[in-house]
Amino acid sequence: APVMGKLPADLPARLAEGKYGDTFYVKVSKDGLAEEPFLDAACTKRISDPYLESVVKGVRFKPALENGSPVNGVAALKLDQLAI
């Protein structure tokens, strides 16, 4: 789950224009760092968009847990629903 981040000042305007309203998927490291965005939960269809990639990499996530320990995982991300 996203927990904090520094988002670009122009992101709300881009969202209002209807850009980046879809759900994206990101691989998240056990340290809570995001990699590039994908269209699918299996992370096989990479989105080649430098702006979106910079936004995604600016968000920090709670890592997935396995037996109480952080592990790499995949998170769904809907930018227009972020409250950070």
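The values are calculated or read from the model by the stated rules, or taken from the named source; none is laboratory data. Bear in mind that the values here come from a model prediction, so they are computed numbers and not experimental data. Glycine also receives a Cβ, built like all others from the backbone with ideal geometry; neighbour counts cover every protein chain displayed. Ligands, DNA and RNA are excluded from the accessible area calculation, which covers all protein heavy atoms including side chains. Shrake-Rupley method; radii C 1.70, N 1.55, O 1.52, S 1.80 Å.
Our summary of shape: the Cα atoms of the chain have principal axis extents of 42, 26, 18 Å, ordered from largest down, in whole angstrom.
Secondary-structure-derived ellipticity at 222 nm for the chain, considering helices only, amounts to -4000 deg cm²/dmol, per-run term -39500 (n - 2.57) for DSSP H runs with n ≥ 4.
Residue-wise HN-Hα couplings along the range 59-72, as the Karplus relation 6.51 cos²θ - 1.76 cosθ + 1.60 with θ = phi - 60° gives them from phi, are 9, 9, 10, 6, x, 5, 10, 9, 6, x, 10, x, 9, 5 Hz; Gly and Pro carry x.
Assuming charge only on the beta carbon of Lys and Arg (+1) and of Asp and Glu (-1), the dipole of the chain about its Cα centre is about 160 debye to the nearest 20. When the trypsin sites (Lys or Arg not before Pro) in the chain are filtered for DSSP coil states and for at most 11 other beta-carbon atoms within 10 Å of their beta-carbon, the remaining sites are Lys6, Lys45. Within the chain, the GluC sites (Glu not before Pro) that combine a DSSP coil assignment with at most 13 other C-beta atoms in a 10 angstrom radius are Glu17.
Specify which residue in the list Pro12, Asn72, Phe24 is farthest towards the positive end of the charge dipole of the chain, using unit charges on the beta carbon of Lys, Arg (+1) and Asp, Glu (-1), about the Cα centre. Sorting the options by dipole projection puts first Asn72. Among the protein heavy atoms of the chain, carbon and sulfur supply 51% of the accessible surface, probe 1.4 Å, non-protein parts ignored.
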